[in-house]
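What follows is a set of notes on a single structure, which appears directly below.
The values are calculated or read from the model by the stated rules, or taken from the named source; none is laboratory data. This is a predicted model, so every value here is computed, not measured. Don't worry about glycine lacking a Cβ; one is built from the backbone with ideal geometry, like all the others, and counts go over all protein chains shown. Note: accessible area is taken over every heavy atom of the protein model, side chains too, but ligands, DNA and RNA are not part of it. Shrake-Rupley method; radii C 1.70, N 1.55, O 1.52, S 1.80 Å.
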Amino acid sequence: MSLKESIDLERLPKHIAVIMDGNGRWAKKNGMDRFMGHKEGVVSVRKVSEAAGRLGIDYLTLYTFSTENWNRPQEEVDALMALMITAIQNEWEDLMTNNVRLKAIGDIDRLPPATYENLMNTIRKTGMNTGLNLTLAISYSSRWEITEAMKKISAEVKNGSLSIEEINEETITKHLATYGTPDPDLLIRTGGEQRISNYLLWQSAYAELYFTDTYWPDFREENLYEAIADYQQRERRFGKTGEQLQLKN
């Protein structure tokens, strides 16, 4: 029986964020070039996105390429950028069929022109879709995002449209790249590492963290269902006591 049958559809996480780790190690384990790990990882993106959409998950955000990844060997970066173009071209019809709305966050101006153009074209084409909101975090890091938010807030203080006294948590949230998307309820990291690597640091303040040894290219529908089932076993208190939550219910 699929783990899907054990999931309470009334208690789904609204937003799942994923750190897709382990492509290179998966390739090495299987005697392949690192690029083949990234290529197989694209299949996992499709499978997991489709499974999330069928379940009724509203938001799925995938850590696709970090700002630190620009420091990888140029050959690997070039291959990843080319793969991104191919993946977007191959997948956009499925995105339309599955009613998926594609978005991107990050310093995407750094992308090569062809990659940038393909990404933006697909974002425009899927803009009217009303199903799963699939966000790719590309050329992204939380420190970059928060730094950019501080620059924007500082500029507003400087020009007089915002006072220092008016700055609060909501002010910062409104200036983040993710504004308009709810904070993640569940953050999944594959590949065996147990850290969140500069990913959605502000937004994940109360996210439930789920770590798995499974490499991303092996992470498919059943693995997603397992993570959601684990999430549903947890008590989300947001600073309150368990007794307070029971009284509320």
### Task
Scan the stretch 101-120 and give yes if some residue there is in contact (Cβ under 8 Å) with a residue 40 or more places away in the chain, assigned to a loop (DSSP other than H, G, I, E, B) and within 18 Å of the chain's Cα centre (by Cα), otherwise no.
yes
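Residues Leu60, Leu83: which one is more than 30 Å from Leu12 (Cβ to Cβ) and either in a strand (DSSP E or B) or open to solvent by less than 40 Å² (accessible area, probe 1.4 Å) (or both)? It would help to see each step written out before you state the result.
On the way: Leu60 fails: more than 30 Å from Leu12 (Cβ to Cβ).
Checking each option against the conditions leaves just Leu83.
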### Query
Within the set of pairs 6 or more residues apart or between chains, which connect a residue that is more than 16 Å from Glu148 (Cα to Cα) inside the stretch 166-186 to a residue that is modelled with pLDDT of 95 or more and β-branched (Val, Ile, Thr) with Cβ atoms less than 8 Å apart?
Thr181/Thr61; Thr181/Thr135; Pro184/Ile16; Pro184/Thr61; Asp185/Ile16; Leu186/Ile16; Leu186/Ile228
### Query
Looking only at the stretch 188-223, which residues are in contact (Cβ under 8 Å) with a residue 40 or more places away in the chain, open to solvent by less than 50 Å² (accessible area, probe 1.4 Å), in a loop (DSSP other than H, G, I, E, B) and closer than 17 Å to Val48 by Cα?
Thr190, Gly191, Thr214, Phe219
### Query
Which pairs have Cβ atoms under 6 Å, sit 6 or more apart or on different chains, and link a residue in the stretch 144-159 that is under 21 Å from Ser197 (Cβ atoms) to one that is hydroxyl-bearing (Ser, Thr, Tyr) and open to solvent by less than 70 Å² (accessible area, probe 1.4 Å)?
Trp144/Thr67
### Qualifying positions in the stretch 224-235 - of a type outside the set (Phe, Trp, Tyr) and open to solvent by less than 20 Å² (accessible area, probe 1.4 Å)
Leu224, Ala227, Ile228, Gln232
### Message
Exactly one condition in (1) more than 30 Å from Glu235 (Cα to Cα); (2) open to solvent by 60 Å² or more (accessible area, probe 1.4 Å); (3) within 21 Å of the chain's Cα centre (by Cα); (4) without any contact (Cβ under 8 Å) to a residue 12 or more places away in the chain is false for Glu68; which is it?
### Response
(4)
### Message
Would you confirm whether or not the stretch 140-159 contains a residue that is open to solvent by less than 60 Å² (accessible area, probe 1.4 Å) and on the phi > 0 side of the Ramachandran plot?
### Response
no
### Summary
Filtering the stretch 33-51 for residues that are open to solvent by less than 30 Å² (accessible area, probe 1.4 Å), closer than 20 Å to Ile228 by Cα and touching a Leu at 6+ places or on another chain (Cβ under 7 Å) leaves a count of 3
